[in-house]
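Presented below is the structure to which this report refers.
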Amino acid sequence: MSRVTRKLQVTVPKAIAERYGIRPGDDIDWVPAGDVIRVVPAARRMPGSTDSRVRRLALFDQATERHRERQRAQKRRRRVTDRGWRREDL
């Protein structure tokens, strides 16, 4: 857990910095996402988009497509409703 200083500075935990390749001097973005804040290293920014709205819309579109793919996969699975016997047969 990090603590915010009086100057509103935050230290990135070493494990997180190493995992995501954040180094001293790197730029990071603070992106509001509802009730949470996403910290995005500048190297992970989407190329050509400086507007955070454009980025959010692109992320939303990606998530929507993933959701549709999951729904399509579920529809392909057929649920067996006829087992060849009934409760009364027991």
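Note down the nm distance, to one decimal, between modelled labels 7 Å out along Cα→Cβ at Asp35 and at Ala17.
3.1 nm
Classify the stretch 1-44: rounded, prolate or oblate, from the alpha-carbon gyration tensor (a ≥ b ≥ c, eigenvalue square roots; a/c under 1.5 rounded; otherwise prolate if a/b is larger than b/c)?
oblate
Report, by chain and number, residues whose modeled amide H sits under 5 Å from the one on Ile28, excluding near sequence neighbours (fewer than 5 apart, same chain).
Counting only residues 5 or more places away or on other chains, the set is Ala42.
Rule-based calculations on the coordinates, nothing more; no lab input. Computed from a predicted structure; not experimentally measured. Here Cβ is always computed from backbone atoms with ideal geometry, including for glycine, and neighbour counts include all displayed protein chains.
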